[in-house]
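Please read the structure below before turning to the comments.
The values are calculated or read from the model by the stated rules, or taken from the named source; none is laboratory data. A quick note: this is a predicted structure, and the numbers were derived from the prediction, not measured. Quick reminder, even Gly has a Cβ in these numbers, built from the backbone with ideal geometry, and neighbours come from all protein chains shown. The area values use the complete protein model at the heavy-atom level, side chains included, leaving out ligands, DNA and RNA. Shrake-Rupley method; radii C 1.70, N 1.55, O 1.52, S 1.80 Å.
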Amino acid sequence: PLWMALSASLPASWSPLQIYFGITVVLSFLGWTGLARVVRGKAAMPGMIDALGHLGLEGSEKVPAADFPMSSIVAPGDATDRRVAQAGITTVALSPRGPGKSGAPILAYKPAARDFDSLVVEDPVALRMTWSERDRYKSGDDVRALLAKAAEYRAEWKEYEKALSEWTPPKSAPEKEDDEDEGDEDADEEAEEDDEDEDDKDKKKKKKKKKGEEEELEPDPVTGVWEAELSRPPRTEPDSLKMRLKLAKPGESGAIEGNLRSRALSETLIEISGYFDRKQRSLTLTGLGSQGWVNLSLKFDEGKFVGSAKVGADELELTATRISNEYVVAKRPERRKSEPAPGPKGEPNAPKLDLKLEPLRAAMDGEKAVIVEVDREDEILACVEAFEAFGIEPILYGAQDLHAVLGRVRGKVRGVLLDPSMVRWSPSGGTQLRTPYSDTQGAGIPVAFHSSAEEGAIDLPMMAAYAVSRGMSPQGALRALTSDAARMLSISERVGALEAGRDADVLLLDGPPLAPGTRVLRTWVNGVEVQ
């Protein structure tokens, strides 16, 4: 229909050849203007998933508590993140480099997303735990105790939800009579007059400030998260800047520590330090980035820091706005007592919310995953049995002796993240090599590939291709890189397949997926091409 419509709009005197070239020019123009675009390759596939990696941690060994929001340490625009995405890894399960007693949180995020809202897939997407202990007799004790505590917590919420569903709210009070409404109107008029008086007072205060009196500083005008935009030639579009700052002594001048991320200044996170002069209301910061030393000179003015950032020979103006008063670090947060707002008379009281146990509660309902590090045959069986008692199918991580118990754990685990070593010697002796990925999939247990690395996530396609060369089926390897990994982490509604309703994470290849020599030509994340 489009071809016929265009043909009818062209002069009748044109020859068929002229009509062909005329329509070609029109369609090309539509492509140039963004209304239509054709891309060519040999194959397309969903974006790949790193089921457990450390991208962006930059060597950090810290293990945060289970209630720490991992999304607070990531930001869009990182150059390393984009390189990983251009290699085909569009979703990463970001894990600390170790487990914690209460479980370490894992974040599922898209390293090449353009904004924060599309960056985070799920936070947390899973908890990471360990079963084995140095004292083998104590292996699993901490995990069992935590599961029992989470089960009690879940039971409290189930009891509350049941009581709430059976509770009948009291009838609403009868409507007020007309004379009462008139009284309310009088009260409203008096309130309006009071508001006018307050407005007059505020105007007088403002007039005083105009005469040169500066607004009194709050005790800590620095600590928190600050955002700004920077424009650095030759780029025309502004880049975002995000700072996390902490003042050593609130109420006084003092040292500043924190970090800064901005693609305009550095391709990596910058650790910064400096000094805040309370009397002069000035802030100086410095730190070493990938492009050299970065120096910021800022002045506090009407709740914002205004000044410049200097890197090399470039000096960039900025105005930073505080979006949070908290300095978030990976540590156990302070407990704050808060009184819940009273509800209607007789309404059941909700249990106290415990953010450390919420992920396990969700796992017991099948909504989140638990990744457990365990290796020995006897410990694998004990681990699976313990989680089964609480209705959780764990994801086994490591699982060196899994081949000995494949039939006994089938149907009781969500899947397995095997050791990155791709092949092992045959247990029967000799020199025959086998891939544990193929054996595990053949037993009906899903597997997923993971890097346990930062930029090393780029090697995932090579790991999968090597597994195929050692007996794993190409279809099984593709599932392990995409749909099986997504199902394990309960994010298959968004990623892992090319289907209507899911995020448009698409790879264009120059050959068959996982074939030797096949390269990723182009990558789209959320429907936007990664440049």
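Report yes if some residue within the range 89-102 is polar (S, T, N, Q), closer than 26 Å to GLU227 by Cβ, open to solvent by 10 Å² or more (accessible area, probe 1.4 Å) and modelled with pLDDT under 90; otherwise report no.
To start, the set of residues in the range 89-102 that are polar (S, T, N, Q) comprises 90-91, 95, 102.
Imposing the further condition that a residue be closer than 26 Å to GLU227 by Cβ reduces the set to 90-91.
Imposing the further condition that a residue be open to solvent by 10 Å² or more (accessible area, probe 1.4 Å) reduces the set to none.
Looking through the range 89-102, none of the residues is polar (S, T, N, Q), closer than 26 Å to GLU227 by Cβ, open to solvent by 10 Å² or more (accessible area, probe 1.4 Å) and modelled with pLDDT under 90.
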| note | Flagged in the range 237-268 as more than 19 Å from GLU315 (Cα to Cα), hydrophobic (A, V, I, L, M, F, W, C) and surrounded by 21 or more Cβ atoms within 10 Å (Cβ to Cβ), in numbering order, are LEU245, LEU247
| Just checking, which of PRO461, PRO474, PRO446 is surrounded by fewer than 18 Cβ atoms within 10 Å (Cβ to Cβ) and at pLDDT 90 or above? | PRO474
| remark: The strands (runs of 3 or more DSSP E) lying entirely within the range 53-141 that contain at least 3 residues which are within 24 Å of ALA389 (Cβ to Cβ), out of contact with any Lys or Arg (no Cβ under 9 Å at 6 or more places or on another chain) and not β-branched (Val, Ile, Thr) are none
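Can you report the number of residues in the range 449-485 which are assigned to a loop (DSSP other than H, G, I, E, B) and over 26 Å from ALA363 (Cα atoms)? So that I can check it myself, show each step before the final result.
Within the range 449-485, the subset assigned to a loop (DSSP other than H, G, I, E, B) is 449-454, 470-473, 482.
Those still in the list that are over 26 Å from ALA363 (Cα atoms) too: 454, 470-473.
Qualifying residue count for the region: 5.
So, in the range 97-115, how many residues would count as being within 28 Å of GLU133 (Cβ to Cβ) and touching a residue at least 40 places away in the same chain (Cβ under 8 Å)? Let's see the steps before the verdict.
Our first condition is that a residue be within 28 Å of GLU133 (Cβ to Cβ); within the range 97-115, this holds for 97-107.
When the remaining residues are screened for being touching a residue at least 40 places away in the same chain (Cβ under 8 Å), the result is 97, 99, 101-106.
Number of matching residues: 8.
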| said: Residues that are in a helix (DSSP H, G or I), within 26 Å of MET364 (Cα to Cα) and in contact with a strand residue (DSSP E or B) (Cβ under 7 Å, 6 or more places away or on another chain): does the range 486-500 have at least one? | reply: yes
| Hey, GLN400 hits all of (1) assigned to a helix (DSSP H, G or I); (2) at pLDDT below 90 but one; which does it fall short on? | (1)
| remark: Contact list, first residue from the range 493-504 and open to solvent by 40 Å² or more (accessible area, probe 1.4 Å), second anywhere and among the acidic types (Asp, Glu), beta-carbon distance below 6 Å, six or more apart or interchain, is ARG494/ASP503
| message | Tell me whether the range 140-152 contains one or more residues that are under 30 Å from LEU489 (Cα atoms), in contact with a Cys (Cβ under 9 Å, 6 or more places away or on another chain) and modelled with pLDDT of 55 or more. | response | yes
| query | Which members of the range 116-126 meet the condition of being within 14 Å of VAL530 (Cβ to Cβ) and either at pLDDT below 90 or more than 10 Å from the chain's Cα centre (by Cα) (or both)? | reply | SER118
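Report, by residue number, each residue of the range 136-157 that is open to solvent by less than 100 Å² (accessible area, probe 1.4 Å) and not small (Gly, Ala, Ser). Break it down stepwise before answering.
Step one: filter the range 136-157 for residues open to solvent by less than 100 Å² (accessible area, probe 1.4 Å), giving 139-148, 150-151, 153-157.
Passing the criteria: ASP141, ASP142, VAL143, ARG144, LEU146, LEU147, TYR153, ARG154, GLU156, TRP157.
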| query | So which residues in the range 269-285 are open to solvent by less than 50 Å² (accessible area, probe 1.4 Å) and among the β-branched types (Val, Ile, Thr)? | reply | ILE270, ILE272
| message | For the range 352-367, give me the residue count where each residue is part of a loop (DSSP other than H, G, I, E, B), open to solvent by 40 Å² or more (accessible area, probe 1.4 Å) and either at negative phi or of a type in the set (A, V, I, L, M) (or both). | response | 7
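Does ALA66 qualify as being modelled with pLDDT of 60 or more and touching a Ser or Thr at 6+ places or on another chain (Cβ under 9 Å)? Please lay out each step first, then the result.
Details: modelled with pLDDT of 60 or more: yes; touching a Ser or Thr at 6+ places or on another chain (Cβ under 9 Å): yes.
Judged against the criteria, ALA66 is a match.
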